[in-house]
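Please read the structure below before turning to the comments.
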Amino acid sequence: MADDTTDTKSSNQMWGGRFASGPDAIMEEINASIGFDKKLFAQDIRGSIAHATMLAHQGIISAEDKDKIVHGLNTILSEIESGNFEFSRQLEDIHMNVEARLATLIGPAAGRLHTARSRNDQVALDFRLWVKEELQKTEQMLTRLIAAFLDRAEEHAESVMPGFTHLQTAQPVTFGHHCMAYVEMFGRDRSRVRHAIEHLDESPIGAAALAGTGYPIDRHMTAKALGFREPTRNSIDTVSDRDFAIEFLSIAAIAGMHLSRLAEEIVIWSTPQFGFVRLSDAFSTGSSIMPQKKNPDAAELVRAKTGRINGSLVALLTIMKGLPLAYSKDMQEDKEQVFDAAESLELAIAAMTGMVRDMTVNTARMKAAAGSGYSTATDLADWLVREAGLPFRDAHHVTGRAVALAESKGCDLAELPLSCLQAIHPDITDKVYDVLTVEASVASRKSFGGTAPSEVRNQIAFWRARN
Ligand code: ARG
């Protein structure tokens with residue numbers, strides 16, 4: 001229930017001309033969006049100022065009325081910003097709340113503001129402006145997250161850790177390389193954000209209800225005043241389209257998925273069993289019963305926020321699915337999904353940036369784990385190919401026997417005596433021990449995009465130049 005529940009039986013002051021009585025209380029409740037679309041007040045007022053200025057420029061309203069309107073709208077802006085504005089549910093939404101207040105402030109001139117526009121293009125404008133600003137904010141936040149990872153990657157370009165597949169130790173990698181994997185993911189998210197800004201950079205105002213208008217408006221003028229590249233080209237599409245909101249949610253869902261993978265890794269890495277990282281006190285919590293605990297709650301919540309964001313994406317896709325052109329009131333349900341997802345995404349990126357910056361990396365633990373689980377077995381096989389001329393498949397088999405032997409002796413590959421290795425294959429020499437260390441293993445992987453410290457530094461340099 002919205003806070004304002006006063007029921008008047010008089011018809012709506014904005015559109016009630018053909019109505020004899022006012023709406024049922026339930027009608028009012030289901031219809032009203034002011035409870036959430038008041039968030040759009042700044043965009044609504046900005047749009048109205050641009051529209052009124054254009055109307056006056058085109059001689060559609062007088063300069064005097066335009067001045068009154070602009071002055072009144074600025075007054076309303078400060079009233080709302082300072083918390084001195086009374087929102088009314090009877091006035092449905094932000095558009096009519098602002099216009100009704102304008103009428104109280106400046107009298108009949110207020111009635112001229114809605115010339116050559118409709119709430120359909122008005123809401124499309126307000127919401128686009130809001131989503132555009134949110135995308136710009138997201139772009140900056142992702143840039144900060146990427147910067148945090150670049151710093152950690154630089155610091156740990158040589159720190160060896162186990163790389164995993166199936167969450168089983170696979171091959172040694174560097175922590176810097178692992179950090180750079182996230183830079184790639186969040187870099188793709190950021191370019192999706194940039195594309196989305198380009199896509200939505202068209203001004204809807206002037207499409208009117210759906211068919212355009214007979215007044216001699218200048219849509220290029222309003223587009224420019226509001227910072228859009230150009231006006232939209234089809235008035236029917238303009239008031240029907242919520243692709244920009246769905247695109248925001250899709251991007252949020254993909255970024256959320258990336259954030260949840262990072263969150264999960266942090267949860268795993270910070271367990272005492274792994275002990276790869278220690279979260280700062282600022283980004284962890286204690287237990288009310290178990291004094292020894294330090295819990296990664298923020299990471300867990302980031303993992304969970306992804307569920308909310310996915311829910312919003314599916315909700316809006318479902319709301320829009322099958323709607324006939326042009327505007328339908330269903331579309332009023334777009335805003336809460338986007339507002340909720342935006343809040344979750346912002347929090348998740350901010351929390352992750354903090355965690356990545358603050359966490360202590362236990363390089364000794366990582367290195368010890370990197371060497372266990374026969375992580376350099378591939379290096380032994382590669383050595384047999386390179387130095388003893390074996391086909392890779394045979395080398396794989398020989399190495400498998402060496403691993404089985406080490407396992408039965410309860411030691412690492414590098415701890416097997418040369419005689420044992422030579423019993424498995426006579427061409428093995430003591431040179432083989434050079435490639436069995438984790439440092440030698442990572443240093444050898446210099447292929448483009450590989451884990452060698454030199455290559456990781458190239459990747460870092462690429463991203464630093466790209467920012
Ligand atoms: N509050 C409405 C919304 O958010 C504004 C547009 C209303 N348009 C209409 N034809 N009733 O969608």
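When each of Q122, Q90 is tested for being outside any loop (DSSP other than H, G, I, E, B), open to solvent by 30 Å² or more (accessible area, probe 1.4 Å) and either under 15 Å from Q43 (Cβ atoms) or in contact (Cβ under 8 Å) with a residue 40 or more places away in the chain (or both), the lone residue that passes is Q90. Scanning for something touching a residue at least 12 places away in the same chain (Cβ under 8 Å) and within 21 Å of G227 (Cα to Cα), does the range 23-39 turn up at least one residue? Yes, the conditions are met somewhere in the range 23-39. Does T115 satisfy being more than 15 Å from the ligand (Cβ to nearest atom) and either in contact (Cβ under 8 Å) with a residue 40 or more places away in the chain or in contact with a strand residue (DSSP E or B) (Cβ under 8 Å, 6 or more places away or on another chain) (or both)? Spelling it out, T115 is indeed more than 15 Å from the ligand (Cβ to nearest atom) and either in contact (Cβ under 8 Å) with a residue 40 or more places away in the chain or in contact with a strand residue (DSSP E or B) (Cβ under 8 Å, 6 or more places away or on another chain) (or both). When W383 is tested against (1) surrounded by fewer than 19 Cβ atoms within 10 Å (Cβ to Cβ); (2) of a type in the set (F, W, Y); (3) touching a Lys or Arg at 6+ places or on another chain (Cβ under 9 Å), just one condition goes unmet, and that condition is (1). Within the range 354-380, residues that are in a loop (DSSP other than H, G, I, E, B) sit with their Cβ atoms under 6 Å from residues that are open to solvent by 20 Å² or more (accessible area, probe 1.4 Å), at 6+ positions apart or across chains, in these pairs: G373/T169; Y374/V403; S375/T169; S375/Q171.
Restricting the range 330-357 to residues that are more than 16 Å from P296 (Cα to Cα) and hydrophobic (A, V, I, L, M, F, W, C) leaves a set whose member that is nearest to the ligand (Cβ to nearest atom) is M331. Scanning the range 149-162 for residues that are open to solvent by less than 10 Å² (accessible area, probe 1.4 Å) and closer than 13 Å to M180 by Cα turns up F149, L150, A153, A157.
Could you tell me whether T360 is of a type in the set (V, I, T), away from the ligand (no atom under 16 Å from the Cβ) and surrounded by fewer than 16 Cβ atoms within 10 Å (Cβ to Cβ)? Break it down stepwise before answering.
Working: of a type in the set (V, I, T): yes; away from the ligand (no atom under 16 Å from the Cβ): yes; surrounded by fewer than 16 Cβ atoms within 10 Å (Cβ to Cβ): yes.
Judged against the criteria, T360 is a match.
For the residues I349, I309, I251, the requirement of being open to solvent by less than 30 Å² (accessible area, probe 1.4 Å), β-branched (V, I, T), closer than 21 Å to E139 by Cβ and in contact with a Gly (Cβ under 8 Å, 6 or more places away or on another chain) singles out I309.
The lone criterion from (1) among the aliphatic types (A, V, I, L, M); (2) within 22 Å of P231 (Cβ to Cβ); (3) within 16 Å of the ligand (Cβ to nearest atom) left unmet by L91 is number (2).
The values are calculated or read from the model by the stated rules, or taken from the named source; none is laboratory data. As the structure is a computational prediction, the values presented were derived from the model and not from experiment. Note that each Cβ is placed from the backbone with ideal geometry, even for glycine, and that neighbours are counted across all protein chains shown. Protein only, heavy atoms only, side chains kept; ligands, DNA and RNA dropped before computing areas. Shrake-Rupley method; radii C 1.70, N 1.55, O 1.52, S 1.80 Å.
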